[in-house]
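Colleague: Once you've had a glance at the structure underneath, I'll fire off some questions.
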Amino acid sequence: MSVRTLSLLCIICCQCIFALEDESLEKVSICRNETLKPKVNTANIIIESESTTELSFFSQSAECWKCKLRLTARINPGATCYLRVDSRWPVHFKIKDEEGDLCQETTFHFKENGIYNLLIYNRTQCSQELTNDPSDVFIPIYISMAVVFVIILLRYAFYFKSSVTFRRIISRFSQEKLIEADLGSPDSINPTDDNESLRSRILVRERLKSLDAFRGISIVNMIFVNCGGGKYWFFKHSPWNGINTADLVFPWFVFIMGTSMAYSFRSMMRKELKKQTIIAKIVWRTVVLFFFGIIINTINKPNIELKDIRIPGVLQRIAVTYFIVSVTHMFSARPADSHQFVWWSPIQDLVNYWLDWVVALSLLIIYLCVTFCLPVPGCPTGYLGPGGISDDGKYKNCTGGAAGYIDRTVFGSSHMYQRGTFMEMYHTHEPFDPEGLLGTLTTCVICFLGLQAGKIFLMFRMHSERVKRFFIWGVVIGAIALALTEASRDGGVIPINKNLWSVSYIFAAASLAFFMLALCYLAIDVGNIWTGIPFTWAGMNAIVLYMGHEVFVCKFPVYWKIESNHLSHYLMNLWGAAFWFIIAAFMHYKELYFSV
């Protein structure tokens, strides 16, 4: 073999090693020499190379956690290169030639549909020059918000005067003080009658429209984001760490389930149902929800085999959570609460139900111990990353740490979710299920927090007492979430992560849920400045809307092929949500309500 051949082989090997080191061999391409068409969530870069040698373009999204730059494209000598870059988040990039960095690493947030000339001044400096005037892609959102705002103003202009509404809210709280003065504080009443106390006879039994409205807001938000959310990144799930609008839907739904649970158990206790009967109801609902979840996992998969059916899922997680929390609360639920004044009366909602909190804290401790102490083969103990190219690819098969390892061991990779939101960005190959086993523990905790909201409704009848406690809970657990994350996306002891259902994530979501419930309660049940419509309609048939939208999510009349831009997708996805509003309104008109 000649010296020339050996030299050529050495050069080829070095190039291969260099490419493999960046783990981007499959993504590297020669730049196109023609203008690229506009594409959603991207911008175009034009690089005119005057170099006599090949250039290499390295880039990486700033959203990618602990990711180094990757070789994106090679630019031929003297060529004009057209590249697409992500416009959703800032992008880190640089250009190199055979002598080193031609353009030092730069971070820039490109405008969507913008066309940029990348100018190279010398061997170390580059700048981006915008050559067109791209329109604001958020205009559809601005218009829809303006329309909603105008509708609200017109409604109150016709039916209300702000001063009257304000006096109505104040009068509600004032009336509470009068009731206390005339009849004594509800906390001092000793119920000696049957299941209904004297206080219960004075204050008629209520149906909380705010709870139905909150449930409706959650389910409609879920439908909108599942339809596509107008292709806006903030209506999608976060790739890994962080929290977007879509990340609030599921935990809020679980929170509301816990709140409703307080009412359903109070009703069963007053009917004096035997524990065997209650357990039978719990088991039945758990089985039905789990079965519905498996059905949803097989929709639009006519040729799926049993060995490939995904076992975890949204309804499956709800079913298991419902079972654990319900069985726990069954042993502490009571037909009525004693309101004889004692020194711990202000926190009776905690003291009377101490068993619930023992179980909730135990589940939280188990989650933390397993997450940070379980050894995972080939991975650092306590790993919380996405694997793949994160951490320079050192832990590429460690996606999700202990949570992913448990699911792959128990279910097997073929029975898990295969299209995680993080896979495209982190180039992971290991499946990871966001509705896996370990996250069920923290899901139970947020359900217990929702149950706590229900206890507040049942035990404190004065509006001021309820709202005050909702805001206190929201502030306290919100502060815990901020402390765990150090008020950052990726920092702190435990980053916010929906895929892992991290402790900081459930506390942040529950904190916002307490605030949201308080606002809905003030607007709907206290001030009567909003009826909750149309969200109350959706909230009263949430399971029908969830199952229905899963079946028709990519089918006419809520989906069809359209031009790929934000306006078209946004309007179609709004129609998708409105369609299910219409279904909910029709069912309400016919007085058809379904629950499991």
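Colleague: Which of the residues belonging to the range 75-95 are in contact (Cβ under 8 Å) with a residue 40 or more places away in the chain and either under 22 Å from Asn565 (Cβ atoms) or crowded, with 17+ Cβ neighbours inside 10 Å (or both)? Walk me through it before giving the result.
Modeller: At the first step, the residues of the range 75-95 found to be in contact (Cβ under 8 Å) with a residue 40 or more places away in the chain are 75-76, 79-89, 95.
Within the range 75-95, Ile75, Ala79, Cys81, Tyr82, Leu83, Arg84, Val85, Asp86, Ser87, Arg88, Trp89, Ile95 qualify.
Colleague: A further question on this structure: Of all residues in the range 251-275, how many are more than 16 Å from Ile324 (Cα to Cα) and either free of Cβ contacts under 8 Å to residues at least 12 places away in the same chain or touching a strand residue (DSSP E or B) at 6+ places or on another chain (Cβ under 7 Å) (or both)?
Modeller: Of the residues in that region, 4 qualify.
Colleague: Only residues in the range 518-531 that are outside the structural domain of Ala213 (by TED's automatic domain parsing) count as the first member; pair them with residues that are part of a helix (DSSP H, G or I) and modelled with pLDDT of 90 or more, Cβ under 7 angstrom, at least 6 apart or cross-chain, and list the lot.
Modeller: The qualifying pairs do not exist here.
Colleague: Please list, ordered by first then second residue, the pairs with beta carbon atoms under 6 Å, 6 or more apart or interchain, first in the range 556-570 and not assigned by TED's automatic domain parsing to the domain that holds Lys39, second of a type in the set (Val, Ile, Thr) and not in a helix (DSSP H, G or I).
Modeller: If the second residue must be of a type in the set (Val, Ile, Thr) and not in a helix (DSSP H, G or I), the pairs left are Ser564/Val40; His566/Val137; Ser568/Ile562.
Condition check ((1) out of contact with any Cys (no Cβ under 6 Å at 6 or more places or on another chain); (2) closer than 18 Å to Ala43 by Cβ; (3) outside the structural domain of Tyr116 (by TED's automatic domain parsing)) across all residues:
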| position | (1), (2), (3) |
| --- | --- |
| Ala62 | yes, yes, no |
| Arg74 | yes, no, no |
| Trp89 | yes, yes, no |
| Ile95 | no, yes, no |
| Glu99 | yes, no, no |
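Colleague: Please verify whether Trp530 is under 17 Å from the mean Cα position of the chain (by Cα) and either in a loop (DSSP other than H, G, I, E, B) or modelled with pLDDT under 95 (or both), treating the condition exactly as stated.
Modeller: The answer is no for Trp530.
Colleague: Please go through the range 282-325 and give me each residue that is among the acidic types (Asp, Glu) and within 20 Å of Pro434 (Cα to Cα), ordered by number.
Modeller: The one that is among the acidic types (Asp, Glu) and within 20 Å of Pro434 (Cα to Cα): Asp308.
Colleague: Suppose we filter the range 405-423 for residues that are under 14 Å from Thr381 (Cα atoms) and in contact with a Pro (Cβ under 8 Å, 6 or more places away or on another chain); how many remain? Even if it seems obvious, please write down each step before you answer.
Modeller: Start the filter on the range 405-423 by keeping residues that are under 14 Å from Thr381 (Cα atoms), which leaves 405-406.
Filter once more, keeping what is in contact with a Pro (Cβ under 8 Å, 6 or more places away or on another chain): 405.
Within the range 405-423, residues that are under 14 Å from Thr381 (Cα atoms) and in contact with a Pro (Cβ under 8 Å, 6 or more places away or on another chain) number 1.
Colleague: In the range 404-459, which residue that is under 30 Å from His92 (Cβ atoms) and of a type in the set (S, T, N, Q) is surrounded by the fewest Cβ atoms within 10 Å (Cβ to Cβ)?
Modeller: Gln418
Colleague: Of the numbered conditions (1) out of contact with any helix residue (DSSP H, G or I) (no Cβ under 8 Å at 6 or more places or on another chain); (2) at pLDDT 95 or above; (3) not aromatic (Phe, Trp, Tyr), Ala481 satisfies every one except a single condition; which is it?
Modeller: Status for Ala481: all satisfied but (1).
Conditions tested, residue by residue: (1) buried (at least 22 other Cβ atoms within 10 Å of the Cβ); (2) over 27 Å from Tyr353 (Cα atoms); (3) under 24 Å from the mean Cα position of the chain (by Cα).
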{"residue": "Asn241", "(1), (2), (3)": "yes, yes, yes"}
{"residue": "Gly258", "(1), (2), (3)": "yes, no, yes"}
{"residue": "Ser267", "(1), (2), (3)": "no, no, no"}
{"residue": "Trp284", "(1), (2), (3)": "no, no, no"}
{"residue": "Val288", "(1), (2), (3)": "no, yes, no"}
{"residue": "Glu305", "(1), (2), (3)": "no, yes, no"}
{"residue": "Arg310", "(1), (2), (3)": "yes, yes, yes"}
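Colleague: In the range 264-322, which residue that is of a type in the set (A, V, I, L, M, F, W, C) and outside any helix (DSSP H, G or I) is nearest to Glu550 (Cα to Cα)?
Modeller: Checking each candidate, the answer is Ile299.
Colleague: Counting only residues that are under 15 Å from Ile120 (Cβ atoms), part of a strand (DSSP E or B) and of a type outside the set (Asp, Glu), how many does the range 54-106 have?
Modeller: Matching residues across the range 54-106 total 17.
Colleague: Next question. Which pairs have Cβ atoms under 6 Å, sit 6 or more apart or on different chains, and link a residue in the range 338-365 that is at pLDDT 95 or above to one that is exposed (fewer than 12 other Cβ atoms within 10 Å of the Cβ) and not charged (D, E, K, R)?
Modeller: Correct list of pairs: empty, since none qualify.
Colleague: Name the helices (runs of 4 or more DSSP H) wholly inside the range 110-223 in which the number of residues that are modelled with pLDDT under 60 is 1 or more.
Modeller: 162-183, 198-202
The values are calculated or read from the model by the stated rules, or taken from the named source; none is laboratory data. In this text, all values refer to a predicted model and were calculated from it rather than measured experimentally. Using ideal geometry, Cβ is built from the backbone for each residue, glycine included, and neighbour counts are taken over all protein chains shown.
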